[in-house]
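Chemist: Sharing a structure, written as structure tokens. Questions coming.
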Amino acid sequence: MNSTIRSVLGVAAAALVFAGSGAAQAGANQGLVNPNLASAEEIGAVPGLSTEAVQAIMSARPFLRMSALHTVVSQHVAADAAATVYAKMWLPIDLNDVTDEEILLIPSIGARMLREFREYAPYEALAQFHREIDKYVDDAELARLESYVYVRIDLNTATDEAILSLPGIGARMLREFKEYRPYTSMAQFAREMSKYVDDNEVARMRRYVEIR
């Protein structure tokens, strides 16, 4: 087999792998506790959180931005200890609607990676983030970074895999998401989903979706 054929086959194989892994719009969970979904016991197991901190988190949810969670956490945890908390508990951040301060809350993220996160925005898909950030970090670090982020799905075109990659979305809500397509407004999404879940859960889910 000559080098040209090998090169073509290699590109084709890489494309297949990329296509197969690119449908998810939220990074695979690497053991991070989601503060909107976890029980009090699960949040209480996060290092550095007192009983009072756990109660405050439970009372304030759902959190719709990482900055809102940080406001609560910072009232109970010293600034230099927050990274320990966020290595175990995190609210996924929207790559296209996030502040520099929220990105920098990701443990071990500094100015260089902040710049790389920003350079490639807006992101059309998590696969784009994967492709671009893969230039700078190894596979393990890329998987860790992806567990902190997501790209909103398009309610009218998202695949089952993309919908199911969103935190807290299972087979039942997958069915309901798809039942009302095509969506013409976010108000319609909220109205239809409110038939099945309370307002807090509608608000929590809404942060992961959009109509393009």
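Nothing in this text is a laboratory measurement; each read-out follows from the coordinates by a stated rule. Please read these numbers as outputs of a predicted model, since none were measured by experiment. Here the Cβ positions follow ideal geometry from the backbone for every residue, glycine too, while neighbour counts run over all protein chains shown.
Chemist: ³J(HN,Hα) across region 106-114 via Karplus (A = 6.51, B = -1.76, C = 1.60, θ = phi - 60°), whole Hz, x for Gly/Pro?
Modeler: 4, x, 6, 9, x, 4, 5, 6, 4
Chemist: Please give me, ordered by residue number, the GluC sites (Glu not before Pro) of region 32-138 that lie in loop per DSSP and have at most 13 other Cβ atoms within 10 Å.
Modeler: 124
Chemist: Output wanted: per-residue J couplings in Hz (rounded whole) for region 53-67, from phi through Karplus 6.51 cos²θ - 1.76 cosθ + 1.60, θ = phi - 60°, x for Gly and Pro.
Modeler: 3J(HN,Hα) across region 53-67, in whole Hz: 5, 4, 4, 5, 5, 4, 6, 8, 7, x, 8, 9, 9, 5, 4.
Chemist: Then there's this: Please compute the alpha carbon radius of gyration of the chain, then divide it by the globular-protein estimate 2.2 N^0.38 Å. Two decimals is fine.
Modeler: So the chain has a normalised radius of gyration of 1.11.
Chemist: Pop a pseudo-label 7 angstrom from the Cα along the beta-carbon direction at both residue 81 and residue 138 and give the gap in nm to one decimal.
Modeler: It works out to 3.1 nm between the two label points.
Chemist: Please turn the phi angles of region 26-42 into ³J(HN,Hα) values with the Karplus equation 6.51 cos²θ - 1.76 cosθ + 1.60 (θ = phi - 60°), one per residue in order, whole Hz, x for glycine and proline.
Modeler: Ordered by residue, 3J(HN,Hα) equals 10, x, 4, 5, 9, x, 6, 7, 8, x, 7, 10, 6, 6, 4, 5, 5 Hz.
Chemist: What percent does the relative contact order of region 47-191 come to when contacts are Cα pairs within less than 8 Å and at least six residues apart?
Modeler: 18 percent.
Chemist: Subtract the Cα-Cα distance of residue 171 and residue 45 from 0.36 nm times their separation in residues, and report this length gain in nm to one decimal.
Modeler: Taking residue 171 through residue 45 to full extension adds about 42.5 nm, to one decimal.
Chemist: Please give the length that would be gained between residue 124 and residue 190 if that part of the chain were fully extended, namely 0.36 nm times their separation in residues minus their C-alpha to C-alpha distance (nm, one decimal).
Modeler: 21.5 nm
Chemist: Under 30 Å Cα to Cα from residue 88, which lysines show up? Leave out anything in the same chain fewer than 8 places away.
Modeler: Reachable lysines: 135.
Chemist: For residue 93, enumerate residues with amide H under 5 Å from its amide H, sequence gap 5+ or separate chain, H modeled in the peptide plane.
Modeler: For residue 93, the qualifying residues are 149, 150.
Chemist: Now, a different point. Please report the relative contact order for region 38-127, taking Cα pairs under 8 Å with a sequence separation of at least 6, and give it as a percent rounded to a whole number.
Modeler: 25 percent
Chemist: Need the full-extension length gain, residue 181 to residue 198, defined as separation in residues times 0.36 nm minus the C-alpha distance. One decimal, nm.
Modeler: 4.1 nm
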